[in-house]
Each structure stands twice: as structure tokens, then as C-alpha cells.
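The values are calculated or read from the model by the stated rules, or taken from the named source; none is laboratory data. Remember, predicted model here, so these are calculated numbers, not experimental data. Here Cβ is always computed from backbone atoms with ideal geometry, including for glycine, and neighbour counts include all displayed protein chains.
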């Protein structure tokens with residue numbers, strides 16, 4: 001069957017499933033809308049969290065990043081999983097015990113301050129919007145490339161689907177759809193990985209295949225190391241950056257992960273405190289299935305790519321692939337402009353080399369996962385499945401982020417600040433309007449993507465790491481922390497991180513406004529802007545601690561509140577007061 | 001007001017457990033995966049250099065095990081101090 005017909009069928013079937021679930025899981029109360037009525041089983045919540053967390057970036061981009069960066073990409077693997085250890089031990093159970101609906105609500109109550117709540121709302125909205133733009137773009141691109149529609153039509157279809165299940169079902173609809181989306185995306189990710197691992201190493205488990213041997217008996221990783229050095233690159237398994245930047249980036253990603261509100265709020269939906277801990281464990285199990293497969297997908301697709309253009313794996317121009325003999329997938333991707341060949345030496349062959357003068361092949365690393373099944377000549381239904389998986393990853397994350405944005409607007413701003421007397425029905429309606437509005441804003445950004453969409457991911461993590469995470473952690477672990485300390489900490493952590501990022505990447509990412517060139521000799525102590533979130537968090541902790549020492553301690557009822565959230569006993573159903 | 005004896009004890013026990021877990025968390029990722037990666041890479045397990053394995057596989061497995069270990073230990077502490085739910 002024609003690939004596009006098959007893709008329409010698979011994607012259509014998954015979309016019908018999501019809408020079916022949405023109709024079944026309508027929300028009738030604000031409790032159901034914000035936190036799915038707190039009745040989600042910890043394993044189910046773990047699965048929904050995994051889908052919520054794993055975005056188009058995890059699904060589509062990460063393996064390609066690993067392929068071209070080798071060992072250095074380990075920071076993403078460790079950073080985006082290690083954050084769950086922090087979540088499970090430092091935040092999730094206590095925030096669940098607190099038993100409210102949103103992250104800013106905790107910050108506002110714990111620091112007895114509307115100002116703190118509003119600062120948290122702003123951080124949340126900026127971090128979530130920057131993150132959701134990438135998802136919207138991913139949806140538009142997946143549609144336009146594989147379903148042969150225009151980018152706009154793809155984007156509107158994606159927005160329409162999210163609109164139906166998020167506005168109708170709120171957190172309840174989103175949770176159950178995310179479970180279905182997890183199943184689709186993990187199936188779509190692992191099936192091609194198993195096939196390819198079998199083809200290259202004879203081992204069906206990609207996690208073992210990566211440590212296995214290729215034809216001829218040498219190990220896959222050793223083969224990659226050798227061929228890359230031959231072609232003039234650094235070894236695949238060697239460190240290219242510095243230990244300091246790797247450690248700081250890993251730390252920024254870990255505490256950023258633990259501080260992202262759309263992830264934290266998922267732990268508000270389980271019935272008990274013990275379930276919140278358990279659920280973080282299950283979430284990581286479901287995430288680890290993809291994250292331990294990704295390094296194999298990266299290395300194997302890279303091996304396949306090199307093996308295609310340089311079948312003898314040697315640095316010999318005369319044995320590289322004749323351009324005329326290039327496989328079909330190669331010419332398909334050439335049409336998209338994401339894979340290009342420039343015959344610099346005019347020999348009619350394709351040379352992939354490290355040196356700019358000799359290299360003739362440019363590959364956009366985002367195509368590695370999408371092209372992978374075709375490179376390995378797997379059947380068309382596998383390709384169709386990968387498209388549906390990529391869409392599931394983008395949709396589930398977009399919905400989770402939109403949920404965090406709309407509840408911050410309706411619950412924290414409208415009910416919390418402007419109109420505290422609003423009725424349950426009125427708030428539910430406001431929440432739905434806010435959700436629709438958030439989808440429209442995200443869609444507008446998807447249609448007019450700012451040029452800096454790729455860079456803002458560092459911003460989202462930097463914000464979450466330097467503002468939200470320290471405020472939450474000190475709120476639980478340091479009883480003496482007061483409103484002045486927390487607000488001062490959040491503001492200094494946040495501004496230090498923002499200024500550092502803008503200093504090297506331009507104010508608000510506007511090209512030409514950089515204060516210094518973005519390279520190692522200008523960086524403070526050699527720290528790259530992406531890694532600065534960890535430093536921002538340290539500044540936040542230090543300032544908050546110092547300020548709280550010289551200002552009045554929090555009132556007694558707040559100290560009781562902290563003592564109360566530290567013990568699981570007495571965690572009832574959530575209330576939005 | 002000071003917390004009652006058992007709540008304070010419970011919190012102390014929790015912090016002790018937390019510290020142990022976070023030391024393991026740090027050692028497998030920052031220790032084995034980044035700082036000590038080069039010496040560890042001299043050791044091979046199957047086709048994996050050991051440091052590389054920790055960075056791309058082992059640390060993730062350890063994180064999962066660590067959370068479930070924490071869940072199990074906390075469940076015991078909750079019951080021991082009588083602060084468990086229902």
C-alpha cells in the first residue's frame with residue numbers, strides 16, 4: 001500500500017481513539033478538570049506522566065542528537081531521567097500531601113504572599129509557552145511531510161484534536177488520552193529499534209545490541225569509534241566538551257525537570273502520598289524504556305548512515321557511494337532539503353568527512369528517527385507507525401503544558417487574585433475558556449514560529465531550575481524560609497539566569513543584540529549558557545537563605561503547615577479552597 | 001511549637017534515607033558517568049566501555065531502582081512511626 005494512505009489510516013485510527021476517550025472522560029467538576037478527581041492509579045499516572053514528559057524532542061530529536069554527539073549527548077539521557085529521583089524524593093509526595101490544584105497555589109500559600117504566587121504564575125507561563133511552541137511546530141512538520149498536507153492544515157488538525165479532549169475533559173480527559181498516547185509512542189519507538197538491532201547485531205534487545213558486535217565480530221561501539229577517527233572525527237565514546245559543562249548541564253536539566261509545573265501537577269492526581277512516590281517510580285520506568293533504547297537507535301542509525309555512504313568503512317574517496325546508486329530514502333529526504341549532497345571534488349560519489357573542505361554530506365539530525373525505518377528497509381507500516389508515535393509524543397506534551405497554563409490562569413489568577421468569590425461552575429467555565437485561549441495562543445506561535453524556537457528550550461529549563469525548583473524545595477525542607485527570602489531568591493535566580501542567557505544569545509533572542517560572542521573564551525568560568533540554570537538555582541538558594549536570616553520568620557500557622565506536609569497521614573481528597 | 005517527638009524522629013529518618021539515596025544518585029551519574037568516565041572506559045563489559053555504559057544506560061537503571069528502594073523504605077518508615085495513610 002502507498003505510504004501516505006497507510007499513514008493516514010494509522011494516524012486516523014489513533015486520533016479516533018483519542019476522541020473516543022475524550023467523550024468517555026468528560027470533566028464535571030473543577031476537581032476533575034484540574035486534577036482528574038485525584039482518582040488516578042499510580043501506574044496509570046506513571047504512564048500518563050511519561051507521555052506528558054516525553055515530547056517531540058525526546059521522540060524525534062534525541063536519538064539524532066546522540067548519533068552526532070556520541071558520548072556527550074549522555075547529559076540529556078541522565079538529565080531528563082535523573083530529575084525524577086529528585087521529584088520522587090524532594091517534591092512529589094509533599095506537594096501531594098499539601099493537596100491543592102496548582103504549583104503557584106503552593107508557593108502562594110506556603111509563602112503567604114500573592115506576590116510570590118504571581119511570580120510563580122509568570123515563570124510557569126513563560127516556561128510552558130516556550131515549550132509548547134516546539135510541540136506545535138513538530139505537529140505541523142509531521143503532518144506536512146508524511147500526510148502531504150500543508151503545514152497549516154497539519155497544525156489546525158493537531159489544535160482541533162487537543163481542543164476536543166483538553167477543553168472537554170480537562171486533566172481527566174488528558175490523563176486517559178496520555179495513557180493511550182504512551183502506548184502508541186512506545187510501540188512506535190521500540191518496534192523499529194528491535195528490527196534494526198536484530199539486523200545489525202543479531203540481538204533483539206537494543207539495550208544489549210548497543211554493546212553487541214556487528215558483522216565481522218568487532219563491537220558496534222568500537223567500530224563506530226574507529227570509522228569516525230578514520231574520517232577525521234573524534235571517537236564516538238570520547239568526551240568532546242568539558243566535565244564541568246557536562247556536569248552543570250546535567251544538573252540544570254535534572255532540577256529543571258523536577259521544577260517543570262506540567263510534570264509536578266501530574267502527581268496531584270493520585271489518591272495518596274505513598275502513591276505519589278510510587279507513581280514517580282513508574283513514570284521513570286516508562287520513560288526509561290524509551291531513554292535506554294534511544295542511545296541504541298542513535299548509534300545504530302548512525303552506523304547505517306555511514307555504512308550506506310562508505311560501505312567499506314574506510315577513509316577512501318574511491319570506495320564511497322556513487323551518487324547515482326543512492327537508495328530511495330536518500331533521494332526522498334533530499335527533496336525536503338534536510339539531507340544534502342554537494343559534490344565538491346566532482347567525482348560523482350558521496351564523501352562523509354570531518355573536514356569542511358572535503359565533506360559532501362549534510363544531514364539534519366532531526367531526520368534520524370524518522371528516516372531510520374527507511375534506512376533499514378523496514379516495511380511501510382513501520383514508517384506510518386513512527387509518524388503516529390511522533391504525533392502522540394507532541395500531542396500529549398502539548399496537552400499537559402496547555403493544562404498547566406490554563407489552570408494557572410483560571411485558578412491562580414482569576415480565582416486566586418481577581419475574583420475569589422467565583423462559583424465552581426463559573427471557575428470551570430473560566431478554565432475551559434482559558435484552555436481554548438491557550439490553544440489559540442500556542443497555535444498562533446506555531447503558525448508564526450519565532451526564529452528562536454530551538455534556543456528557548458534552554459530558557460524553559462533555566463526558568464524552572466532557577467526559580468520554581470528552589471522555591472518548592474525550601475518550602476518543604478526549610479521551615480524558617482519566609483516570604484521575603486523566597487521572593488528575593490526567585491527573582492535573583494531568575495534574573496541571573498535570564499541575563500546570562502540573553503548576554504550570549506541576544507536580548508529576547510533578537511539577533512545582533514548579544515553583549516559578547518557565544519564562545520568558551522567569553523563564558524564565565526567556561527560555563528555555557530545552557531548550563532547556567534544550575535548556577536541560577538544556587539544563587540536562588542543562597543539569596544533566599546541570606547534574606548530569610550535577616551527578616552522575620554514565617555508565622556506559626558505556616559510552620560505548622562510545613563510540619564503537616566512532611567507526614568503522609570491525613571492526606572484527604574484535594575481541595576481547591 | 002516543636003513537632004511531637006515521633007514526627008521529628010520520622011523526619012530525621014527520612015532525611016537520612018534521602019541523603020543515602022542522593023549520594024548514590026550523584027555517584028552513578030556525575031561520578032561514574034562524567035568525572036570518572038575516562039578511567040572507567042578502560043574496563044569493558046561486553047562491547048560497552050564501562051564509563052560510557054553508566055552515562056547512557058547504567059545511571060538510568062540505577063535511578064529507577066533507587067526510587068523503588070525509596071518507596072519501599074518510606075513505606076516501612078510510615079508504618080513504623082504510625083504516620084501512614086488510612
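Here is the figure for region A:520-540: residues that are in a loop (DSSP other than H, G, I, E, B) and within 14 Å of residue A:489 (Cβ to Cβ) total 0. Considered as a group, the residues in region B:1-21 that are within 7 Å of another protein chain (Cβ to nearest Cβ) and assigned to a helix (DSSP H, G or I) include one that is farthest from residue A:249 (Cα to Cα), and that residue is B:7.
Is it the case that some residue within region A:335-349 is more than 28 Å from the chain's Cα centre (by Cα) and in a helix (DSSP H, G or I)? Scanning region A:335-349 turns up at least one residue that is more than 28 Å from the chain's Cα centre (by Cα) and in a helix (DSSP H, G or I). Count of region A:49-69 residues, restricted to those that are more than 9 Å from chain B (Cβ to nearest Cβ) and either outside any helix (DSSP H, G or I) or within 17 Å of residue A:300 (Cβ to Cβ) (or both), is 12.
Only one of the numbered conditions (1) farther than 20 Å from residue A:115 by Cα; (2) at pLDDT below 95; (3) more than 14 Å from chain B (Cβ to nearest Cβ) is violated by residue A:560, and that is (3).
For region A:99-155, the set of residues classified as at pLDDT 80 or above and at positive phi consists of A:99, A:112, listed by residue number. With respect to being farther than 23 Å from residue A:533 by Cβ and within 16 Å of the chain's Cα centre (by Cα), residue A:47 fits the description. Selection of region B:52-74 for residues being more than 23 Å from residue A:200 (Cα to Cα), more than 7 Å from every other protein chain (Cβ to nearest Cβ) and in contact (Cβ under 8 Å) with a residue 12 or more places away in the chain yields B:62, B:69, B:73. Filtering region A:215-234 to residues that are at the interface with another protein chain (Cβ under 9 Å from one of its Cβ atoms) and within 16 Å of residue A:196 (Cα to Cα) leaves A:219, A:220, A:221. Being touching a residue at least 24 places away in the same chain (Cβ under 8 Å) and more than 30 Å from residue B:77 (Cα to Cα) is true of residue A:120.
Listed by position, the helices (runs of 4 or more DSSP H) contained in region A:181-278 that have at least 3 residues being surrounded by 24 or more Cβ atoms within 10 Å (Cβ to Cβ) and without any contact (Cβ under 8 Å) to a residue 40 or more places away in the chain form an empty set. Among (1) touching a helix residue (DSSP H, G or I) at 6+ places or on another chain (Cβ under 7 Å); (2) closer than 22 Å to residue A:10 by Cα, there is one condition residue A:314 misses while meeting the rest; what is its number? Status for residue A:314: all satisfied but (2). For residue B:50, the requirement of being touching a strand residue (DSSP E or B) at 6+ places or on another chain (Cβ under 8 Å), surrounded by 14 or more Cβ atoms within 10 Å (Cβ to Cβ), modelled with pLDDT of 95 or more and on the phi < 0 side of the Ramachandran plot is met. The set of residues from region A:527-557 being farther than 14 Å from residue A:251 by Cβ and within 14 Å of chain B (Cβ to nearest Cβ) comprises A:553, A:554, A:555, A:556, A:557. Checking each residue of region A:110-131 against the condition of being in contact with a helix residue (DSSP H, G or I) (Cβ under 9 Å, 6 or more places away or on another chain), surrounded by fewer than 21 Cβ atoms within 10 Å (Cβ to Cβ) and not in a helix (DSSP H, G or I) gives at least one match. Pairs linking a residue in region A:5-22 that is over 15 Å from residue A:391 (Cβ atoms) to a residue that is at pLDDT below 90, with Cβ atoms under 6 Å and 6 or more positions apart or on different chains, are A:22/A:164; A:22/A:165; A:22/A:168; A:22/A:169; A:22/A:173.
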